[in-house]
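Working notes, beginning with the structure itself.
Any read-out appearing in this document is the output of simple, stated calculations on the displayed coordinates, not a laboratory observation. Not measured: the values here are computed from a predicted model. Every residue, glycine among them, receives a Cβ derived from its backbone with ideal geometry; neighbour counts consider all protein chains shown.
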Amino acid sequence: MTRVRSGRLLAALVLAASVLAHPAGAEGPTEPKPGVRLQGLDRVTARISTIDAAIDAPVTFGALQITVRSCMATPPTEPPESAAFLQIDEVVEDQAPRRVFSGWMFASSPSASAMEHPVYDVWVLTCLDEAPAG
């Protein structure tokens, strides 16, 4: 096969994959929400905690400080999906905070963009329709 043909074939395959991954009308999370519900796991104590956080209001989970910058959800007419942009810092006494995660996490696939930490796991459960009190 010539390079031109193989290049066209590759382009066609990429286009087909993108169409299959994003069917017409399904554009992913698009409605901004004022809060998010997270779940956290402390691997040392094996304790699982549910964490409600408002946008731009830092919350603490163990040695982590979690700041949610955005939470987007699909409209009710679409399959349910929530995605949140999180910034997670590890705060250790007598040291400057260290950023351990910054990026989007998706409720439907937590492993697609997971936080790498030896003690803690954090993942998105859903966006909240009302900002949590706190």
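Computed extension gain for GLU78 through SER111, at 0.36 nm per residue and net of the alpha carbon distance, reaches 9.7 nm.
Local charge sum around VAL124 (other residues, Cβ-Cβ under 11 Å, Lys/Arg +1, Asp/Glu -1)? For residues surrounding VAL124, the net value is 0.
Between THR67 and ALA96, the contour length at 0.36 nm per residue exceeds the alpha carbon distance by 8.8 nm.
Around ALA112, with a cut-off of 15 angstrom between Cβ atoms, what is the net charge of the other residues, counting Lys and Arg +1 and Asp and Glu -1? Around ALA112, the surrounding residues sum to -3.
Hey, if you drop one equal point scatterer on each alpha-carbon of segment 43-134 and run the Debye formula without solvent, what base-10 log of I(q)/I(0) do you get at q = 0.16 Å⁻¹? Taken in order of the listed q values, log10 I(q)/I(0) reads -0.67.
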